[in-house]
Amino acid sequence: MTSLRPASTRQARASLEYAVGTVARANPIVAAWRWRYELAGAAGLAVGWMVLDSAAAAWPTAGLVAMLAITACFRWGRRFLTARAWCIVTPHRVRVGCAQAWIHSRSGKIPIILLTRRQPFGERVYIWCRAGTSTADFRSARELLAVACWAMDVRVSHHARYAHLVALDVVRREPPAQWSGQPWYDTGTPDGSLTIPAPRDPPMTTSGSASRPVKSRRAG
């Protein structure tokens, strides 16, 4: 039996729910996972100061600070430390952007950030979309996400086989001209094979028909 309620009414109700709805508070386990790096660093320092006395614990702390200072004296060291810091900060900013752009399910759950990797242009964030969210939500909120991440731009792509897997390229600088990386090249397919998924939108031929996707294999 078909529904008597028109589709426009459902869309209007969905828009109203998103407008008045709020993001659900994360439970302690999820919150601990999101702040795992900060908690691990704080716990390490706390354990060191508890196990050792104040005088003995001061030496390892001073050594760690000195090592970071020496690393920061070199150009490659500053790049390494800055890249690692952005890989920790960016996931937090993406979650803030999702909350402000209403990218969440009807229950208020935002997408799950799987991992963040350093790239020549900035960071690449791999995301698992919950039911109720999709790649279209991220594409329509690119400017909001770029502002939330303090970046030049945010580019969105999804896996050719699994629509719930999304890659966000947080662009902070122009990549080298010789770089030609793709969102899924550095991880392979989820089944572990080396075959690269074909693009969703293959290029058009001169006759106007879409060319057939060709699978390529990663070098090595």
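Near the amide H of Gly122, within less than 5 Å, lie the amide hydrogens of Arg172, all on another chain or at least 5 residues away, with H placed in the peptide plane.
Across segment 124-132, rounded Karplus estimates of 3J(HN,Hα) from the backbone phi angles (6.51 cos²θ - 1.76 cosθ + 1.60, θ = phi - 60°) give 10, 10, 9, 10, 9, 7, 6, 4, x Hz, Gly and Pro being marked x.
Spin-label model, Gln100 to Leu39: label points 7 Å out along the Cα-to-beta-carbon direction sit 2.6 nm apart. Computed from the Kirkwood radius of its Cα pairs, the Stokes-Einstein diffusion coefficient for segment 100-177 at 10 °C and 1.306 mPa s stands at 124 µm²/s. Can you bin segment 62-109 into rounded, prolate or oblate? Criterion: square roots of the alpha carbon gyration tensor eigenvalues sorted a ≥ b ≥ c, rounded for a/c under 1.5, prolate for a/b above b/c, oblate for the rest. Because a/c hits 1.5 or more and a/b exceeds b/c, segment 62-109 counts as prolate.
Karplus-derived 3J(HN,Hα) values for segment 107-115, using 6.51 cos²θ - 1.76 cosθ + 1.60 with θ = phi - 60°, are 7, x, 8, 7, x, 8, 8, 7, 7 Hz; glycine and proline are entered as x. What the Cβ-Cβ distance of Leu115 and Leu81 gives, at R0 = 22 Å and to the nearest 0.05, is a FRET efficiency of 0.70.
Computed from the coordinates by the stated procedures, all read-outs in this text should not be read as laboratory data. The structure displayed is predicted, hence computed values, not measured ones. Reconstructed Cβ throughout: ideal geometry from the backbone, glycine too, with neighbour counts over all protein chains shown.
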